[in-house]
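The values are calculated or read from the model by the stated rules, or taken from the named source; none is laboratory data. Just so you know, these numbers come straight off a predicted model, no measurement behind them. Cβ sites come from the backbone with ideal geometry, for glycine too, and all protein chains shown count toward neighbours.
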Amino acid sequence: MPTVKKVTDHPVEDAYGLEIQEGDVYWMFGKTVVSDLNLKTYLIEEHNMECFRAME
């Protein structure tokens, strides 16, 4: 599991225009910033990845 790093100089917004706020989790793909809230959309649209949700 990746380690979450706390940074003070974070990006202003992600690839979808969502503003990155203090305390938000975001992912870096090269120079592309993706908010945790847009991660599934990014992976499906840009990398043709399948995403799943475990259900009980």
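Data overview
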| read-out | value |
| --- | --- |
| Selected residue (criterion: modelled with the lowest pLDDT) from residues of the range 2-21 that are touching an Asp or Glu at 6+ places or on another chain (Cβ under 8 Å), assigned to a loop (DSSP other than H, G, I, E, B) and surrounded by 10 or more Cβ atoms within 10 Å (Cβ to Cβ) | HIS10 |
| Boolean, ALA54 is surrounded by 14 or more Cβ atoms within 10 Å (Cβ to Cβ), among the small types (Gly, Ala, Ser) and outside any helix (DSSP H, G or I) | no |
| Residues of the range 31-49 satisfying the condition of being among the β-branched types (Val, Ile, Thr) and either surrounded by 13 or more Cβ atoms within 10 Å (Cβ to Cβ) or farther than 11 Å from ALA15 by Cβ (or both) | VAL33, VAL34, THR41, ILE44 |
| Selection count, the range 22-44, where residues are aliphatic (A, V, I, L, M), within 8 Å of the chain's Cα centre (by Cα) and outside any strand (DSSP E or B) | 3 |
